2 protein chains.
Amino acid sequence: MEQQPSIGSSSPYYDIVIVGAGPVGLMLSTCLSRWGYKIKHIDNRAEPTPTGRADGIQPRSLDLLRNMGLKSAIMAHKPARVYEVAFWDPPQTGHGIVRTGTWASCPSFIDARYPFTTLLHQGLIERVFIADLEKNGVQIKRPWTITDFKSDNSENLEYPVEVQLKHVDGTASETVRAKYLFSGEGARSFVRQQLGIGVSHKDPIAHVWGVMDGVVKTDFPDIKMKCTIHSEHGSIMVIPREDNMVRLYIQIASSTDPDWDPCKTATEGEVQASAKRILEPYSIEWERVEWYSVYPIGQGISDKYTLDHRVFLGGDACHTHSPKAGQGMNTAFLDAQNLAWKIHAVEGGLADRALLTTYEPERKEVAENLLDFDNKYAKLFSQRPPAAAEVQAASEQSPTHAEDNEFIKTFKESCEFTSGYGVAYGPNVLNWSPSHPAQSALLNPKGTKLRTGRLMMNADVTRVVDANVVYLEQQIPLNGSFRIYVFAGKPSVTQQALKDFAFNLGDKRSFFGAYYCDNIASVSYHDNLDLNPHSLFFTICTVFAARRSSIEISRDLPDLLARYRDLVYADDRWDRHIPDAKAAAHAKMGLDEENGGVVVVRPDGYVGCVASLVEGSGTVDALNDYFSAFCTKKLGIT
Amino acid sequence: MEQQPSIGSSSPYYDIVIVGAGPVGLMLSTCLSRWGYKIKHIDNRAEPTPTGRADGIQPRSLDLLRNMGLKSAIMAHKPARVYEVAFWDPPQTGHGIVRTGTWASCPSFIDARYPFTTLLHQGLIERVFIADLEKNGVQIKRPWTITDFKSDNSENLEYPVEVQLKHVDGTASETVRAKYLFSGEGARSFVRQQLGIGVSHKDPIAHVWGVMDGVVKTDFPDIKMKCTIHSEHGSIMVIPREDNMVRLYIQIASSTDPDWDPCKTATEGEVQASAKRILEPYSIEWERVEWYSVYPIGQGISDKYTLDHRVFLGGDACHTHSPKAGQGMNTAFLDAQNLAWKIHAVEGGLADRALLTTYEPERKEVAENLLDFDNKYAKLFSQRPPAAAEVQAASEQSPTHAEDNEFIKTFKESCEFTSGYGVAYGPNVLNWSPSHPAQSALLNPKGTKLRTGRLMMNADVTRVVDANVVYLEQQIPLNGSFRIYVFAGKPSVTQQALKDFAFNLGDKRSFFGAYYCDNIASVSYHDNLDLNPHSLFFTICTVFAARRSSIEISRDLPDLLARYRDLVYADDRWDRHIPDAKAAAHAKMGLDEENGGVVVVRPDGYVGCVASLVEGSGTVDALNDYFSAFCTKKLGIT
């Protein structure tokens, strides 16, 4: 981070070269530029996506965009919002189509802040990121492409990657050196091909899809809903869009067809005629077509996401699948976010370089689950349409329910998955499990409902300093830091435990003390309160199980915690999901309402570990053990 | 509306001349320009308010700004949000100050969407309006002032008002003619003085206030809250602001002082020294002062808001009061909104000119209540600080409660008042009462909880076409139309009543049919669905007491209502305020969940009348009677 040789800002030395300015490249670039890294970002298109392409932002991705301060810029474009999916099939007798059911795309058993899919064309989303990059001094070089690269880790060079770039028309070229190279080039990644990394196909069946965006005039009643329509004339999927537009996906050919031809195509007129037949008895006329494309696609996963942990792949370069589940952009965002904070942890000096080896297994498993899901979801519907009672039961019950049949189980899983809340990272140095090196008995206390490797739950709390009701999970922005949530229980009960926690945290051999950066004097009084000037890697907040008005920060918290007074909260808001709890956030997380507990959340929002909050050094000891598994320094007081 | 003589767009003929571009002038200008009126808008300042002045947007005003599509532009400036007010007083023994209590500024018994006050400096708010005006082709002429005007209603002229305007430096002048002249010039209104309208003082006591905006460094724990602080050294009020700023109000002199001098002043340093003493034992240092001002102010109300219903006053030109209640800008907004739609109704041809006579009594009563409240509120606190139990009881109970003591009653009233939800217009042609000319027995059905002259209640509903969960009260934008809410009960029960309602509504002698503008062919299919192309004056929406998925618009609604398919809703959302209701919106409004009812809401959101929904012509007859009280045409089918 800013450690390049002192050869000026126009030097050809970069922290990272990012190729491709689609969702994955932009997310990576946005994170790293905010955290102070020097970036070379190129894209071979002359301008951002003008029309069409990906358009679905899942509920959890909207949380993420909000956490980055980008949500309002997205919503300013007035995207369409999909709350329900409707299923249309041929009637039992006669012709045409009838609605056989609808279900919530993100039912209330998923405790989502934004229980809908946001539909907006990719170019508008890209521009929101590009505007943010420009604020941080990153200009995407267009239309430029990558022509060659080499990565040499053997000599322990600071900039082991050499990259050749050129203008697409060949008028200019440039050689740069970087610590990392990232390919967000899409399915036909040059970098992946150069590395000789293969692509495995989970489901051998490939399809040719036609996709058309535009404005229609129709009496089809569900034109503003997401619909899956099967008719005797074929199948289409309807997706509402911003500006009264609609997107239709039509399957034009399948590798299971007897005359399968991956180059089969269809004209705009043919697709429109086909849509007309499928929608009968309803009418559909196109007032305007904004975008039309035909493309073959199969399920594929890149065998490796990196070979040397210097050159990485992400997004469509790593996984391709049908557009039906609307997961492409969302998965791309998470690939980038996962890699971004790990590069920051390594380059900033917190973590061993080995941390980077967790990128591929974490993200590849998610991609594999996505492809599995894609198949399962398709089969679920090809078997039979769900009965209305099943849909209702599935939507209204808790996530796990003893009497669920196979259909309802799959439905629930699929809702969690498509909403983005289902992402689960397996045990490793970051995601505590009984086999983690940290073996303190205080870890993973009995009763905790937080699952390591999964998102922290959402909870409303009241900020103590200004009585604002806020979303706890949104209080720490995506700043590259681990989030230390001190659930402090009842102030009268935990007073000594909090003192001991702060005392041990302040020791210079603790995870916090060892990476403390003592710049408090150089930041203003207010920045000091809002941000976290003492550490690039840890942001600490405290949540008391008490009414806001009863909390006195300077009395109830030791100095080290009281210092972050803008991050002290009262767990005093009623929660519909847990209506009888006195302290709903504590109760939701399964933490004792009197004694509290400490939750370590990774910089990307996934739970790392949970520890009891006890008197003495035990709690900090346990966290030191946890962080010792991947940190560069020897931690631990004893 | 656009009926000026055909002498080109640069002609000196305007629908209205608006003097002053503070909150009241901007709100009026914004409404009328959106509805197609030709406006001359001047302000004698060279630019919008640079710093300081009004800054409090009350909860209800935020609803209004959202209804105009302006809320997100306001919130983009990250204003401070006040959820609670803290009271600090001298301790029972010893020196200094202690917190004696806090209470919610908008407690949960007020069913507010945004239960907080939004604090943002007036200039930023003005710029949001100015940007909107520019989209509609209105440029405010600055720095220009009014030098003279005459209004002559005697000859039935179309443009009876002549106005002389000039550049403040005297380099240019202009004479224009208009249908209306509006003074939003503030407390020293030239127009008011020219008309010889006096100002009455309810409370003879005047004060000199000092107000300081800036960034402070302090250990006072409630610096981010609204605070009323009384100490042995004097009193101040603390208001948090955007960008970590704070505003302090200090009372410098009062006309009850023995040495009262309305010209008494204090320097910045004196006020800071005074604040230091008052806040002891806490420290306060100023990092930066953005604005400082001293001004004398007394309570005053203009005796008239208009003499001839051509030249009108609004905002501070009509009412001045202490800054403590934070009501100035909010009251100004409502003055303008009230007048705007009435001018539209008259000039657009819906209502008799006499409708304009309702402006003064409606708005003057609100101003009088505001001044009364201002006194009562001050006295409430000078008597004694509230006990904690009283505050809690007041905050958590329902609005009316038999055992409330005087203190709690006043508290509740004051919360409703300061939040903006307490505005109540008395009976007149618009606000039905038993003495209204419309005497149908179907009006004001038994059980209704809606009060005429007060806001319609908030309710969540599900939009049928796209399953989006939406705020019912926000669904019709501030478009100058009356809002006809057809609460349609159970589809199976009301089928015939809905058919009859639509049939009678379609008659060309009904309030709807008589002002129908048959321009459906000239608007696009989608505008047709979103807006309401058939009428400048009525927007109709339908709310069924049924689950969304059970509603089939084309089956359950007659054509005339089905046409507005984007405005058809399912009352199927759970509401915390009425947890056991099957159809919470119906239940909240006190309408029968089976049989429904029809609610007429004025263009500004206040309830005009409520009618039962019955088979036959009765419902439309009743509404025809209601509208006949102020409409230009003879309505009624029989």
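The values are calculated or read from the model by the stated rules, or taken from the named source; none is laboratory data. In this text the structure is predicted, and so the values were computed from the model without any measurement. Cβ atoms come from the backbone with ideal geometry, glycine included; neighbour counts cover every protein chain shown. Accessible surface is based on the protein model in full, side chains and every heavy atom, while ligands, DNA and RNA are left aside. Shrake-Rupley method; radii C 1.70, N 1.55, O 1.52, S 1.80 Å.
Assorted remarks:
- Cross-link pairs B:LYS150/B:LYS179; B:LYS179/B:LYS342; A:LYS78/B:LYS40; B:LYS71/B:LYS409; A:LYS38/A:LYS364; A:LYS226/A:LYS276 - those with Cα-Cα distance over 23 Å: A:LYS78/B:LYS40; B:LYS71/B:LYS409; A:LYS38/A:LYS364
- Label-reachable residues, the range A:160-196, where backbone N falls under 14 Å from a point 7 Å from A:THR147's Cα toward its Cβ: A:163-176
- Adding -39500 (n - 2.57) for every DSSP H run of four residues or longer, then dividing by how many residues chain A holds, sets the calculated 222 nm ellipticity at -8500 deg cm²/dmol.
- Average beta-carbon neighbours from other chains, 10 Å sphere, peptide B:624-631: 0
- If only the Cβ of Lys and Arg carry +1 and only the Cβ of Asp and Glu carry -1, the dipole of the protein assembly as shown around its Cα centre is close to 260 debye.
- Of all chain A residues, the one whose C-beta is nearest the axis that brings A onto B, in angstrom: A:SER72, 3
- Interface residues in the range B:452-493 - accessible area drops by 40 Å² or more relative to the isolated chain, probe 1.4 Å: B:VAL465, B:ASP466, B:ALA467, B:ASN468
- Each residue of the range A:228-237 was assigned a 3J(HN,Hα) from its phi angle through the Karplus curve 6.51 cos²θ - 1.76 cosθ + 1.60 (θ = phi - 60°); the sequence is 10, 10, 10, 9, 5, 9, x, 10, 9, 10 Hz, with glycine and proline shown as x.
- Net lengthening on full extension, A:ASP352/A:ARG509 (0.36 nm per residue, minus Cα-Cα): 54.8 nm
- Rounded if a/c under 1.5, otherwise prolate or oblate - chain A, Cα gyration tensor axes: oblate
- Surface accessible to a 1.4 Å probe, per residue, for the residues of the range B:145-268, Å²: 44
- The range A:122-140 versus the range B:410-489: alpha-carbon centroid distance in Å: 44
- Legend: mean number of C-beta atoms from other chains within 10 angstrom of residue C-beta atoms, peptide B:77-83, equals 3.
- Sparse-neighbour loop sites [trypsin sites (Lys or Arg not before Pro); the range A:159-255; at most 15 other C-beta within 10 Å; DSSP]: A:ARG188
- Gain upon complete extension [A:ASN519, A:THR267; 0.36 nm per residue less C-alpha separation]: 84.4 nm
- In terms of its alpha-carbon gyration tensor, the protein assembly as shown comes out oblate; a/c meets the 1.5 threshold, while b/c is at least as large as a/b.
- On Cα atoms only, tilt of B:268-279 relative to the major axis of chain B in degrees: 90
- Modelled FRET efficiency - R0 51 Å, A:THR93 with A:TYR295, Cβ distances, 0.05 increments: 0.85
- Of the GluC sites (Glu not before Pro) found in the range B:154-247, the ones in coil according to DSSP and having at most 14 other Cβ atoms within 10 Å of their Cβ are B:GLU155, B:GLU158, B:GLU232.
- Positive-end residue of A:GLY56, A:GLY210, A:SER33, charge dipole of chain A with Cβ unit charges: A:SER33
- Each other copy places its own label point for B:SER492 at 5.6 nm from this one, sorted shortest first, where the point lies 7 Å along the Cα-to-beta carbon line.
- What the phi angles of the range A:409-419 give under the Karplus curve with 6.51, -1.76 and 1.60, with θ = phi - 60°, is a coupling list of 4, 5, 4, 4, 4, 5, 5, 4, 5, 5, 6 Hz, glycine and proline written as x.
- Gain on full stretching of the segment that runs from B:GLN495 to B:ASP259 - 0.36 nm per residue minus C-alpha separation: 77.5 nm
- Efficiency of FRET from Cβ geometry, A:ARG288 and B:THR632, R₀ 45 Å, rounded to 0.05: 0.65
- Average accessible surface area per residue within the range B:460-628, 1.4 Å rolling probe, Å²: 33
- The distance from the alpha carbon centre of the range B:211-270 to that of the range A:309-323 is 59 Å, rounded to a whole number.
- Per-copy distances of the B:GLU287 label point, shortest first, in nm (7 angstrom along Cα→Cβ): 5.1
- Residues whose placed amide H lies under 5 Å from that of A:TYR159, excluding near-sequence neighbours: none
- Summed over both chains, the area buried between B and A is near 3100 Å², taken from the accessible surface of protein heavy atoms with a 1.4 Å probe.
- For B:214-224, mean number of other protein chain Cβ atoms within 10 Å: 3
- Positions from the range B:254-300 whose accessible area shrinks by 20 Å² or more when the full protein complex is built, not the chain alone, probe 1.4 Å: B:GLU287
- Amide H contacts of A:VAL607 (H built 1.01 Å from N, in plane; Pro and chain starts excluded): A:GLY453, A:ARG454, A:LEU455, A:MET456, A:ARG602 sit under 5 Å, all sequence-distant by 5 or more or on other chains.
- Percent carbon-and-sulfur accessible area, chain A, ignoring ligands, DNA and RNA, probe 1.4 Å: 49
- Whole-Hz couplings from phi, Karplus 6.51/-1.76/1.60, listed for the range B:171-184; x for Gly and Pro: 7, 8, 8, 7, 10, 10, 10, 8, 6, 9, 10, 10, 9, x
- Here's how it looks for A:ALA253: its modeled amide H is under 5 Å from those of A:VAL208, which are all 5 or more places away or on a different chain.
- Gyration tensor (alpha-carbon) shape descriptor, the range A:206-298, a/c threshold 1.5: prolate
- In nanometres and ascending order, the distances from the A:PRO579 label point to those of the other copies are 0.4 (point 7 Å from Cα along Cα→Cβ).
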